[in-house]
1. If the chain between Asp51 and Ser31 were fully stretched, how many nm would it gain, using 0.36 nm times the residue separation less the Cα-Cα distance?
2. If you build the Cα gyration tensor of the stretch 30-125 and take the root of 5 times each eigenvalue, what three semi-axes come out, in whole angstrom, biggest first?
3. Could you pull out every residue, at least 5 positions away or on a different chain, whose amide H is within less than 5 Å of the one on Arg108? Hs are placed 1.01 Å off N in the peptide plane, and Pro or chain starts have none.
4. Please give, to one decimal in nm, the separation of the simple spin-label points placed at Asp80 and Ser59, each 7 Å out from Cα toward the Cβ.
5. Output wanted: per-residue J couplings in Hz (rounded whole) for the stretch 51-62, from phi through Karplus 6.51 cos²θ - 1.76 cosθ + 1.60, θ = phi - 60°, x for Gly and Pro.
6. Please work out how much length the chain gains when fully extended from Cys110 to Leu9, using 0.36 nm per residue of separation minus the C-alpha to C-alpha distance, in nm with one decimal.
Amino acid sequence: MTCGNKKYLYYSGWTRGVTVPFYCDTGLAVSIDGGATFERTSRAPLLARTDVDPYLTGSPFILVEQGTWRMWYTTGVRWDLVDGVPKHYYHIRYAESRDGIHWDRDGRVCIDFASTDELRSLGRA
C-alpha cells in the first residue's frame, strides 16, 4: 500500500502456541525510500489478539478510499481437537483506520461459514 511517499507492508507473523498449535498476528513495516528498505512500526503486532479476535489475526488486505483505510483480515474463532488433529476455524472480518496504524475492530464478519462443519485444518484433511 502506498500513501504519499511511504510504502506500507502489512504481514502475518507466526509463533508456536502452548494451549493451541500456533498464534498468528498482523504486523506493519513502512518504507520511506521507495521500498528499498522497510522498518517495523512496532516490536509488537499491529493487530494482536484481543477479546474481539482471541485466537489469531492474519492475511490482511488493505484498501484506502476517501481517507478511510479499510482492512479485511482472517481471524480465528475457535480451535477443536478432532481425531487427535487440531482444527482451527476462522472468519474474514473487517476493520477501519484513519492512518493505517490504529485500527477499529468490532468483530464485523464479512465472510461467515457456509456450513457448520466448515473449517481450516492442520494435518490430515
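Taken together, the values in this text are just the output of simple stated rules run on the coordinates, not laboratory data. The shown structure was predicted, so the numbers you read here are calculated from the model rather than taken from an experiment. Please note: Cβ atoms are built from the backbone with ideal geometry, for glycine as well, and neighbour counts cover all protein chains shown.
1. 4.1 nm
2. 29, 16, 12
3. Tyr94
4. Going from the Asp80 label point to the Ser59 one covers 1.9 nm.
5. 5, 6, 10, x, 10, 6, 9, x, 6, x, 10, 10
6. Full-extension gain reported as 34.1 nm.
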